[in-house]
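Everything below concerns the one structure shown next.
The values are calculated or read from the model by the stated rules, or taken from the named source; none is laboratory data. The structure displayed is predicted, hence computed values, not measured ones. Cβ: placed from backbone, ideal geometry, glycine included. Neighbour counts: every protein chain shown.
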Amino acid sequence: MYRYHGAGRSQDRDYLAGQDVVVTTFGTLATEAGAGALGRVSWLRVVLDEAHNIKVVTNVFFDSKARWGQMSTCVSRSHPE
């Protein structure tokens, strides 16, 4: 497991792709917006906790075979959010 967070996080695509699990925050994902090292890896699975932070489907910017979202916060939104 690799913790992808902080100033010293690896930007090496091959290193990240070789990890079984990479854990980061939604804030880090949003900051990189697909341009960082995480966005250059083809993932088997992306799991997002607090999935309500993604308001529009087009905000999902990772190449993966499966995307799972989990949230424990009750939200009420109208389509397309």
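Some values worked out for this structure:
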quantity	calculated
Neighbours by Cβ (under 9 Å, 6+ apart or cross-chain): first from segment 1-18, under 15 Å from W43 (Cα atoms); second outside any loop (DSSP other than H, G, I, E, B) and basic (K, R)	R13/R40; L16/R40; A17/R40
Test for K55: is it exposed (fewer than 14 other Cβ atoms within 10 Å of the Cβ) and at pLDDT below 70	yes
Subset of segment 1-24 that is of a type in the set (V, I, T) and touching a helix residue (DSSP H, G or I) at 6+ places or on another chain (Cβ under 9 Å) - its residue that is surrounded by the most Cβ atoms within 10 Å (Cβ to Cβ)	V22
Residue that is under 11 Å from the mean Cα position of the chain (by Cα), part of a strand (DSSP E or B) and modelled with pLDDT of 80 or more, where the choices are R45, R67	R45
